[in-house]
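For reference, the structure is listed below as structure tokens.
The values are calculated or read from the model by the stated rules, or taken from the named source; none is laboratory data. Since the model is a prediction, treat every value here as computed from it, not as a measurement. With ideal geometry, Cβ positions are generated from the backbone for all residues, glycine too; neighbour counts draw on all protein chains shown.
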């Protein structure tokens, strides 16, 4: 990302981080658009002003996906605990005094969520969350957008995004032909769902 663009985005995020309040910034976008990278960069630049809580911590466990017959569609909206994610955002939006809220993370090496991984102290003014379905309006996902003060949609051209996705799957253990099939079948179906929410974002961020 261009350093000037990153500086502008950091300044906009910093304007949300007002001590004594709690605000939530969401980064949405299709798989492979750079959400986790930008979210981590913003959190690092804001330091103690921000905490990063990824949506991916609400993936259903592999055993549950197999039980439901959804393992081959992992990453689709119904392979997450959307209601649990919304409930966590509600807790984060209105933090209890002197109470640390613990959020789950997602371990890509295990392909599993890990509970209690991310502590969010009550005095942190900004929570940054990122994920595919922050602007998805179906079912329990509809409860997410009203809990977010701003949502930025990350927009990356499809060719670059697909290449990154395939490379990521290979990096975490898939053979390249398998990774290409997974991206074409699963990730791109999810990308089309995500794209439908683009117009609901407060800001569209061109990615490279």
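Listed values, structure above:
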| read-out | value |
| --- | --- |
| Test for residue 27: is it within 18 Å of residue 148 (Cβ to Cβ), over 15 Å from the mean Cα position of the chain (by Cα) and modelled with pLDDT of 95 or more | no |
| Residue check, residue 15 over 25 Å from residue 100 (Cβ atoms) and crowded, with 17+ Cβ neighbours inside 10 Å | no |
| Candidates 65, 25, 52, 46 - the one that is surrounded by 20 or more Cβ atoms within 10 Å (Cβ to Cβ) and either without any contact (Cβ under 8 Å) to a residue 24 or more places away in the chain or assigned to a helix (DSSP H, G or I) (or both) | 46 |
| Some residue of the stretch 129-147 being touching a strand residue (DSSP E or B) at 6+ places or on another chain (Cβ under 9 Å) and exposed (fewer than 15 other Cβ atoms within 10 Å of the Cβ) | no |
| Selection count, the stretch 76-96, where residues are surrounded by fewer than 18 Cβ atoms within 10 Å (Cβ to Cβ) and part of a loop (DSSP other than H, G, I, E, B) | 4 |
| Any chance residue 20 is in a loop (DSSP other than H, G, I, E, B), out of contact with any strand residue (DSSP E or B) (no Cβ under 8 Å at 6 or more places or on another chain) and surrounded by 15 or more Cβ atoms within 10 Å (Cβ to Cβ) | no |
| Single residue of 65, 89 found to be touching a helix residue (DSSP H, G or I) at 6+ places or on another chain (Cβ under 6 Å), at pLDDT 95 or above and over 22 Å from residue 190 (Cα atoms) | 89 |
| Total residues in the stretch 184-208, condition at pLDDT 90 or above and not in a helix (DSSP H, G or I) | 9 |
| The stretch 156-183 - residue that is more than 19 Å from the chain's Cα centre (by Cα) and not in a helix (DSSP H, G or I) and, of those, surrounded by the most Cβ atoms within 10 Å (Cβ to Cβ) | 174 |
| Any hit, the stretch 103-117, residues being over 30 Å from residue 173 (Cα atoms) and either surrounded by 13 or more Cβ atoms within 10 Å (Cβ to Cβ) or over 14 Å from the mean Cα position of the chain (by Cα) (or both) | no |
